[in-house]
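The structure appears right after this line, and notes come after that.
Rule-based calculations on the coordinates, nothing more; no lab input. Every value quoted in this text rests on a predicted model; they were computed, and no experiment measured them. Here the Cβ is made from the backbone with ideal geometry for all residues, glycine too, and neighbour counts use every protein chain on show.
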Amino acid sequence: MIPRDRVAAALDLPSDTDALPPGDLPVDRFAERFLGALDRPEGDETDVWTVDLFDHLVIAEPELACAALFACLDLAPERAEELGAGPLDDLVRRSGTEAIGCLEAAAPGRPELRRAMRQVSAEEIEHPFLKARILAIRD
């Protein structure tokens, strides 16, 4: 679950806003909407809030960003390369040291995550230990 206050913060809304439905946001529901937003043509703002929320989670809650990506991969494993080159690459570049543990823990049982990790631009990561850990997940 993505806490309601995190959703509100990502959308620059007060935590007690009436603009959001009550309760926390299930990660699988977020993943469905996020995948849909990634498919929208330029200028179509349907579910664009999910992109803003993911960007917020990357910095504020990298483990929740990982959970969101895992849910996307569960729903659409055929999109592993696309998710790897986009949202996963962004997560690793911006919060790699915070997210690497959850990525490493999930990788053994998730071949689609390993495929996605092959799209991450590890060559551009300057931190040698983080880079080595990213490369290890790919194999």
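Summary table below
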quantity	calculated
Estimated [θ] at 222 nm from DSSP helical runs (n ≥ 4, -39500 (n - 2.57)) normalised by residues in the chain, nearest 500	-19000 deg cm²/dmol
R0 of 25 Å, Cβ-Cβ distance Asp28-Arg138: FRET efficiency to nearest 0.05	0.45
Counted charge near Ala107, where neighbours are those whose Cβ lies closer than 11 Å (Asp, Glu -1; Lys, Arg +1)	+2
Rel. contact order, % - alpha carbon contacts under 8 angstrom, at least six apart, the stretch 4-138	20
Order of Cys72, Cys66 under a 10 Å beta carbon neighbour criterion, fewest first	Cys66, Cys72
Linear extension gain, Asp44 paired with Lys131, 0.36 nm per residue minus alpha-carbon span	27.7 nm
Cysteines (scope the chain) whose Cβ has no counterpart Cys Cβ under 4.7 Å	Cys72
C-alpha center-to-center spacing [the stretch 7-55, the stretch 60-139] in angstrom	21
Full-stretch length increase - Ile59, Glu81 - with 0.36 nm per residue and alpha-carbon distance subtracted	5.7 nm
Distant-in-sequence amide H partners of Leu25 (H built 1.01 Å from N, under 5 Å)	Ile2, Arg4
